1. Take Thr65 and decide whether it is within 16 Å of the ligand (Cβ to nearest atom) and either modelled with pLDDT of 95 or more or outside any helix (DSSP H, G or I) (or both).
2. Just to verify a result, which residue in segment 1-36, among those that are in contact with a helix residue (DSSP H, G or I) (Cβ under 7 Å, 6 or more places away or on another chain) and not hydrophobic (A, V, I, L, M, F, W, C), is nearest to His251 (Cα to Cα)?
3. Pull up segment 27-38, narrow it to residues that are assigned to a helix (DSSP H, G or I) and more than 23 Å from Gly136 (Cα to Cα), then point me to the one that is farthest from the ligand (Cβ to nearest atom).
4. Can you tell me which of Ser206, Ser165 is in contact (Cβ under 8 Å) with a residue 40 or more places away in the chain, part of a loop (DSSP other than H, G, I, E, B) and under 20 Å from Cys24 (Cβ atoms)?
5. Could you check Pro238 against (1) more than 17 Å from Gly173 (Cβ to Cβ); (2) surrounded by fewer than 20 Cβ atoms within 10 Å (Cβ to Cβ); (3) touching a residue at least 60 places away in the same chain (Cβ under 8 Å); (4) within 11 Å of the ligand (Cβ to nearest atom) and say which number it fails?
6. Going by what's in this entry, would Thr230 be described as in contact (Cβ under 8 Å) with a residue 60 or more places away in the chain and either of a type in the set (D, E, K, R) or surrounded by fewer than 23 Cβ atoms within 10 Å (Cβ to Cβ) (or both)?
7. For segment 210-228, does any single residue satisfy the condition of being within 15 Å of the chain's Cα centre (by Cα) and assigned to a loop (DSSP other than H, G, I, E, B)?
8. Taking the residues in segment 97-113 that are out of contact with any strand residue (DSSP E or B) (no Cβ under 6 Å at 6 or more places or on another chain), in contact (Cβ under 8 Å) with a residue 24 or more places away in the chain and not aromatic (Phe, Trp, Tyr) as candidates, determine which candidate is nearest to Ile163 (Cα to Cα).
Amino acid sequence: MSGTLAGQVAVVTGGAGGLGEAICMALAQAGCSVVVGYNSSADAARALAARLPLAAQVPALQAHTALPAPQAHTALPAPVTDSTALATLADTLRQRYGRCDILVNCAGTTRFVPHPQLDALDDALFDQILATNIRGPFAAVRALRPLLAAPRSDGGTGLVVNISSIAAVTAMGSNIAYCASKAALDNMSKSLARALAPAVRVLSVSPGLADTDFVKSMDPAWRHEQAGRTPLQRLAGPDEVAAAVLACATHLSFSTGTVIAVDGGRPLA
Ligand SMILES: NC(=O)c1ccc[n+]([C@@H]2O[C@H](COP(=O)([O-])OP(=O)(O)OC[C@H]3O[C@@H](n4cnc5c(N)ncnc54)[C@H](OP(=O)(O)O)[C@@H]3O)[C@@H](O)[C@H]2O)c1
């Protein structure tokens, strides 16, 4: 791999979730020290942090003798609706690692509510979705900005990757508030990219339906139908979403304020 990330520190909110786990693994395999951010899944996050490979254990990196000493992966609380806790996270990162190079805002929430059933999408659910999916990523960036924007000896930038959704453009998804939250997230990626340049790049990675364990547990006929509506005739693998995040950190070094789609061409259908 060109552009090893050894020596860099990455925080993944929602790190123990279906996509979060794949993203943590990809970043660890590229040499990052990974902070698995969790809300309620502390045990799963700790277990994941314990099994992520350290840079020295990654065969592709073993030939690099000049790599900085790897720092252990860890699991830390990152409840994105709690700004005080996010400030604590920033302090802990400062003390433990002295840096944060990559923030992946992967935390997200939703619940299936058929779009015509407006009464079922009550204010509490609407507010919870917006607080988690759009205010949360903003709060995480606000808290970690001083670390992300800190000058680096190699002249590199900090990076924020917001995990959006194809629902942002199709307005088809688990409920109306979820679709709106992801459209807002893509818009916010642009505002933040402008506001934080040149020190920090900000990108959205926008998956179509991804075959996480949760999605695999759903009605096979429904999954088959979703795949059939996708030009590439299948769902995204979590590792394919993770590969897009990795590309943002490695190869897409002159990209900021744009949306990287990982959707098999679904909007074309
Ligand atoms: N799977 C898909 O098909 C798909 C497609 C497009 C976009 N996405 C997006 O990808 C992201 C991850 O989805 P997923 O499929 O991996 O879902 P998931 O397995 O349900 O994971 C969701 C994660 O969000 C975290 N989270 C929820 N509320 C939080 C809060 N208030 N503070 C911090 N973390 C919170 C959860 O953490 P805890 O468990 O610790 O509470 C969990 O790790 C989401 O943003 C989702 O919208 C998913």
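1. Taking the combined requirement at face value, the residue does not satisfy it.
2. So the residue we want is Thr4.
3. For segment 27-38, the residue satisfying everything is Gln29.
4. Residue meeting the stated conditions: Ser165.
5. Of (1) more than 17 Å from Gly173 (Cβ to Cβ); (2) surrounded by fewer than 20 Cβ atoms within 10 Å (Cβ to Cβ); (3) touching a residue at least 60 places away in the same chain (Cβ under 8 Å); (4) within 11 Å of the ligand (Cβ to nearest atom), only one is false for Pro238: (2).
6. When the stated conditions are applied, Thr230 does not pass them.
7. Among the residues of segment 210-228, at least one is within 15 Å of the chain's Cα centre (by Cα) and assigned to a loop (DSSP other than H, G, I, E, B), which makes the answer yes.
8. Across segment 97-113, the extreme among qualifying residues is Gly108.
The values are calculated or read from the model by the stated rules, or taken from the named source; none is laboratory data. This structure is a prediction, so every number in the text was calculated from the model and none was measured. When we count neighbours, we look across all protein chains shown, and the Cβ atoms used for this are built from the backbone with ideal geometry, even at glycine.
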